[in-house]
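First up is the structure itself, then whatever we jot down about it.
The values are calculated or read from the model by the stated rules, or taken from the named source; none is laboratory data. Just so you know, these numbers come straight off a predicted model, no measurement behind them. Don't worry about glycine lacking a Cβ; one is built from the backbone with ideal geometry, like all the others, and counts go over all protein chains shown. In case anyone asks, the SASA skips ligands and DNA or RNA and just uses the protein heavy atoms, side chains included. Shrake-Rupley method; radii C 1.70, N 1.55, O 1.52, S 1.80 Å.
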Amino acid sequence: MPRIGKVLVVGGGVGGLSAAISLAIKGVEVELIEKRPDFNVPGVGLGQPACALRIYREFGVLEEILDTGFSYDHMTIFDQERTPIVEHRFLMGGAGFPAFCALPRASLHSILYKRAVFLGVSFRFGIEVTDFSGPLGVSIGFSDGSNGEFDAVAGFDGIRSTVRQFIVGDMFGPRPSGIGAWRLQVDRPSCVTGMEFMQGIRGKAGAIPISRDKMYLFNIRPENPGEIFAREDMHVLLQERLLQFGGYVADIANDLNRESPIVYGALEPFIVPYPWHRGRVTMGGDAAHVVPPHLTAGAAMAAEDGFVLARYLLGEHGTIDDLITAYGKTRYDRNAFVYIFANDWLSMEQAVGSAAELASRQRRTHPKCRQAHRSGRPHSRYI
Ligand SMILES: Cc1cc2nc3c(=O)[nH]c(=O)nc-3n(C[C@H](O)[C@H](O)[C@H](O)COP(=O)(O)OP(=O)(O)OC[C@H]3O[C@@H](n4cnc5c(N)ncnc54)[C@H](O)[C@@H]3O)c2cc1C
């Protein structure tokens, strides 16, 4: 008789869907609640690195993801006029799967949702947890007045998580960074075949191809924390912010209008130290850690959290408490690496404050790059 037979997953993002699929594959009865009324997800595109693609292969959906998205194996850093500075070739991927595949967020959700339904996960939309009770916290009250008993609860309810509140209270949570991300889906110029960054002064622009004909354009730059931009002003505000960039960015900026599907969000990074549980209520994904988008890894880490959690919950050695503790530790270690790396990159790029500084940084990095190239490390090529 398995010790974990029935699990409640809170939140239907990439993390919650991945946890639900991983548990259902192992024969666990899974109920997933999602507070939105349906799967009409906001957002633009998601670059998924090889680590996430490996998990999607386990779920049996890799082919559909690769068919839907755009695969790439390189990243290029340019100056504001899109003159290349360095090209980095990713040494990831493997037989049958690329280093990266990016696709529209809604497509990834829909592929994972279909798979979860196929595996028997039961979904309830428009509903939230209102009460965690019992000695292990797994006697659950729901916002529609119903109740449920579970062997464990997996909180993947995003950055403003209710489950995190139950586990650690207000001690850890999103913190304003003073940096915001503007995003927009547009037609893909044929020259964009990988991830691109155009380093500017106080911020960068860039693009990620998400299908054969589409890409998403982004601009990461200082913004007042808590600022909410009126929809009808967004195209003008983004035009102003993109003025320093040339190439296709300038063309796209010129074409912006009131109907342009611009999405804005503030970056609010944080990570909760382990343990990541209280009783048998645990968490993962953005509920436990939010990283700047620089490594395109937030959703990938959420998928990994869900996959790894299922393994630990169903482990046979040790108590369930030992296993959930080990899950929190191993995932904290992994996510802390991504968190530190992404935050460092964010600080370095946002610290470029003038044209002179930008030129000086280019001069300073060039010789190092050339050296790396000469030393036989083939993954970075300075241009
Ligand atoms: C600008 C930007 C670009 C990014 N680009 C990438 C990228 O290219 N690649 C990548 O891997 N990651 C990227 N990310 C990160 C990625 O978006 C997140 O890390 C990822 O979506 C987290 O998934 P999640 O399932 O943990 O949370 P979410 O996607 O936030 O899902 C949480 C779900 O829980 C639901 N919910 C919330 N509260 C409750 C509740 N109380 N009860 C029930 N349901 C609830 C929400 O409605 C939501 O559906 C980016 C992030 C930003 C800000």
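Structural remarks
- Every helix of 4 or more DSSP H residues in the chain counts as -39500 (n - 2.57), and over all residues that averages to -11000 deg cm²/dmol at 222 nm.
- Karplus-derived HN-Hα couplings along the stretch 284-294 (A = 6.51, B = -1.76, C = 1.60, θ = phi - 60°), whole Hz, x at Gly and Pro: x, x, 4, 5, 9, 7, 10, 10, x, x, 4
- Angle in degrees between helix 105-118 and the longest Cα principal axis of the chain, rounded to the nearest 10: 20
- Ranked by solvent-accessible area (1.4 Å probe, protein heavy atoms only, all chains present), the residues 101, 51 order from largest to smallest as 51, 101.
- The order of 81, 357, 196, 316 by accessible area, most exposed first and with a 1.4 Å probe, is 316, 81, 357, 196.
- Folded to 0 to 90 degrees: helix 50-59 orientation relative to the chain principal axis, Cα: 40
- Backbone geometry of the stretch 73-87 corresponds, through the Karplus equation with coefficients 6.51, -1.76 and 1.60 at θ = phi - 60°, to 3J(HN,Hα) couplings of 10, 8, 9, 10, 9, 10, 7, 5, 8, 6, 8, x, 10, 8, 10 Hz, x marking Gly and Pro.
- Size of electric dipole in the stretch 126-250: Cβ of Lys, Arg +1 and of Asp, Glu -1, about Cα centre, debye, nearest 20: 740
- Backbone HN-Hα couplings from phi across the stretch 124-132 [Karplus 6.51/-1.76/1.60, Hz, Gly and Pro as x]: 10, 9, x, 9, 9, 7, 10, 8, 10
- Cα centre as origin, Lys/Arg/Asp/Glu Cβ charges: the stretch 128-202 dipole, Debye: 600
- Peptides 218-231, 110-123, ordered by how many other C-beta atoms sit within 10 Å of their residues on average, highest first, read 110-123, 218-231.
- Of the peptides 33-40, 15-22, the order by per-residue mean of other Cβ atoms within 10 Å, starting with the highest, comes out as 15-22, 33-40.
- Nitroxide proxy distance, nm - points 7 Å out along Cα→Cβ at residue 236 and residue 251: 2.7
- Annotation: amide H-H contacts under 5 Å for residue 276 (H modelled 1.01 Å from N, sequence separation of 5 or more, or interchain): 328.
- Portion, in percent, of the accessible area of the chain that falls on carbon or sulfur, probe 1.4 Å: 52
- Inter-probe distance in nm under a simple model that places probes 7 Å from Cα toward Cβ, at residue 333 and residue 40: 4.4
- Rounded to the nearest 0.05, the FRET efficiency derived from the C-beta distance between residue 29 and residue 190 at R0 = 41 Å is 0.25.
- With Cα atoms, 0 to 90° folded angle of helix 298-313 axis to the chain main axis: 30
- Summarising the label geometry, the points placed 7 Å from Cα in the beta-carbon direction at residue 122 and residue 322 lie 3.3 nm from one another.
- Among 253, 354, 338 the positive-end extreme of the charge dipole of the stretch 212-360 (Cβ point charges): 338
- Accessible-area order (highest first, 1.4 angstrom probe) of the listed residues 215, 348, 75: 348, 75, 215
- Between the beta carbons of residue 341 and residue 87, assuming R0 = 22 Å, the FRET efficiency works out to 0.70 to the nearest 0.05.
- Local electrostatic count at residue 3 - Lys and Arg +1, Asp and Glu -1, tallied over other residues with Cβ under 9 Å: -2
- Average Cα contact separation per residue, the chain, under 8 Å, 6 or more apart, as relative contact order %: 22
- Student exercise, the chain dipole from Lys, Arg, Asp, Glu Cβ charges, in Debye to nearest 20: 1200
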